[in-house]
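The values are calculated or read from the model by the stated rules, or taken from the named source; none is laboratory data. Computed from a prediction, not measured in an experiment: that's the story for all the values here. Positions of Cβ are backbone-derived with ideal geometry, glycine not excepted, and every protein chain shown enters the neighbour counts. Surface areas here come from the heavy atoms of the whole protein model, side chains and all, with no ligands, DNA or RNA. Shrake-Rupley method; radii C 1.70, N 1.55, O 1.52, S 1.80 Å.
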Amino acid sequence: MNSFNKNNKPHPPSEKWEDRLFDTVVMFFQLSFLVVKEIVLGIVRGTFPWLHVGIGLVFTYLIFQYGFDRSLFQFFDMVRWYPRNATLYSLYYKFWVSSPLWGWGLYQVIQKRRLRNRMEEVSHSVGLKNGIGKVSTPVFDQRNYDGVTRTLRLAKSGLPIQDFQKSKSALESAMNVYVDDIRENRAKGTVDIVYSSDPLTDHFELSEIARYGDCRFTIGTTRSQKIYGSLKETPHLLIAGQTGGGKSTFLRQLLTTLSISNVDLEMTLVDLKGGLEFQLFENLPKTKVIPDLEQTVRELSSIEERLHDRMRYLKSRGLVSIDQVRENLDQMTTRHLVVVDEAAEIFLGAYDLGTARLQEARRILSQIARQGRAVGIHLVLATQRPDAKSLDTQVKANLTGILCFQMPNNTSSITVLDSGRASLLPDIPGRALWKHGATLVEVQTPFLSIERAQEALAPYKIKRGNSNLRSTHDSSQNLEMDT
Ligand SMILES: Nc1ncnc2c1ncn2[C@@H]1O[C@H](COP(=O)(O)OP(=O)(O)O)[C@@H](O)[C@H]1O
Ligand SMILES: [Mg+2]
């Protein structure tokens, strides 16, 4: 308030004092209003901590019941300030006994004010402003039920959700937190930023190889929840990331889960780089582990035939997907999964011999990517760098679920995810970004050791006399082992 009058002389002290008193009273009422509003909002939203406040109320009540308040005044030698008048005492009593209630409300008001200032700073610094320079204001910031993450709800202020998503890393560093998810609530015009100040775990053991069925599998864990996928929702997957990120390990747990929980699922596993990873899955009744290019092409050709058969079948009945087939026809309804680890071996064409075969393999894989969904033929490709050279763009466009481990640089990350974030992932094996539809979340992928996978698969294996080690190595094959 202006404390100088028109003549630039100080106000008489008395007026200044009244002004102050008036300001204080106004402030008091404003604050009381805000406190009450917070309490009401808390109750309406279900964030009001009934238990804690209840315990607090019992506690303050007991303090007064046993006259500890008076002891406190005595202790600090302030007994003369103790309210003697009945009305004053009643006010004093009610004020302090109810303090846990309004104390919580006051705390919310202060937090909100802090948050608003902080958000304003953050929004300015990361450029989250709409056309007229307005920044998005916080609605609330509260702990989620998981007890680990928090949700910051912001009024969108007319900003598109993509702007928030693009600013994710900037928001993370400006707010000094880790953002799990950014999602929109169109009806309310708000954006929820789910974040945590704790880092994500660096080891997530696939504790129990659950029998999910229905082609479901674990993708990983965020700070707050486990993320699952299903071939029915995400028919084709791309697993990308530089060597050592965890692609083959992810495939191991994926295939173990899928094969023991979907006995009907047929699998064709290809690793032309001579990795031994897929040996684990040899001798499973519906699984073929393919060691060389020649056999790959043969297998893919027969899968292509099946794809055509099924397409014809669906067409003849006017159906769009095998999910609609009601007849009990294995030939038409069993799902088939084709997995290619080190897919660049096929798409880059590192072989001098067999270029025609490679072209054939690529053509069929591309066809599966385009048409497999409807007929229950799924594709999972793992590769280091799925750029235009090493992975057909059309194939890539059809791999709707993308799991991307660390990438060497911004450009390669953008190639995979349309975002540079995979180059910023920490150096932790198994750390990846899962992209599915509009979501892009950081996950720690499940770890399943070879020994445990072996143990889990053993009961499903066909017992055979021969050891069925790789007997059909193609001499033209690159036998470099990757570990
Ligand atoms: N989810 C995970 N948790 C813990 N360690 C992992 C995880 N994924 C991979 N690793 C470890 O990282 C190393 C490389 O994994 P690998 O799957 O071979 O990577 P890539 O196939 O991408 O080259 C292995 O030693 C593996 O044990
Ligand atoms: Mg590998």
Filtered chymotrypsin sites (Phe, Trp or Tyr not before Pro), region 74-119: DSSP coil and at most 16 other beta carbons within 10 Å: Phe76
Under DSSP loop assignment and at most 16 Cβ neighbours within 10 Å, longest GluC sites (Glu not before Pro)-free interval of the chain: 1-207
Taking N as its residue count, the alpha carbon Rg of region 208-460 over 2.2 N^0.38 Å: 0.96
Sulfur and carbon atoms: percent of accessible area, the chain [1.4 Å]: 55 percent
Asn117-Trp17 FRET efficiency (beta carbon distance; Förster radius 35 Å; 0.05 resolution): 0.70
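If R0 is 25 Å, what FRET efficiency do you get for Ser207 and Tyr145 from their C-beta distance, rounded to 0.05? Display every interim value, and only then the final one.
Values: r = 22 Å, r/R0 = 0.87.
Efficiency, rounded to the nearest 0.05: 0.70.
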Amide proton proximity set for Val139, modelled H, under 5 Å, gap of 5+: Arg153, Leu154, Ala155
Efficiency of FRET from Cβ geometry, Val320 and Asp264, R₀ 25 Å, rounded to 0.05: 0.70
Accessible area of Asp163 in the full protein assembly, 1.4 Å probe (Å², nearest 10): 50 Å²
Positive-end residue of Leu440, Val289, Thr333, charge dipole of the chain with Cβ unit charges: Leu440
Relative counts (whole %) of C-alpha pair distances in region 224-291, using bins that are 5 Å wide: 3, 13, 24, 28, 19, 9, 3, 1
Solvent-accessible surface ranking, highest first, for Ser136, Ser224 at 1.4 angstrom: Ser224, Ser136
By accessible area with a 1.4 Å probe, ligands and nucleic acids excluded, highest first: order of His336, His436: His436, His336
Ser197 accessible area, assembled protein chains, probe 1.4 Å, Å²: 80 Å²
At 1.002 mPa s and 20 °C, Stokes D of the chain from Kirkwood alpha-carbon radius, µm² per second: 78 µm²/s
Of Lys396/Lys461; Lys37/Lys156; Lys166/Lys396; Lys112/Lys188; Lys37/Lys168; Lys247/Lys389, pairs whose Cα-Cα distance is over 24 Å: Lys396/Lys461; Lys37/Lys168
Positive dipole terminus of the chain, leading residue within Phe73, Leu280, Tyr313 (C-beta point charges): Phe73
Accessible-area value, Val36, 1.4 Å probe, nucleic acids and ligands omitted, Å²: 90 Å²
Percent antiparallel among DSSP beta bridges (both partners in region 208-460, rounded to 5): 40 percent
Hydrodynamic radius by Kirkwood, which averages 1/r over all alpha carbon pairs of region 257-362, in angstrom: 15.3 Å
Candidate residues Ile462, Ile63: accessible-area rank, largest first, probe 1.4 Å: Ile462, Ile63
Longest exposed-site-free window of the chain, the sites being trypsin sites (Lys or Arg not before Pro) in a DSSP loop that have at most 16 other C-beta atoms within 10 Å: 7-83
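Report the net charge of residues surrounding Thr400, where surrounding means a beta-carbon distance below 15 angstrom and charges are Lys +1, Arg +1, Asp -1, Glu -1.
+3
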Under the Debye formula (equal points on every Cα, no solvent term), log10 I(q)/I(0) of region 55-204 at q = 0.14 Å⁻¹: -0.76
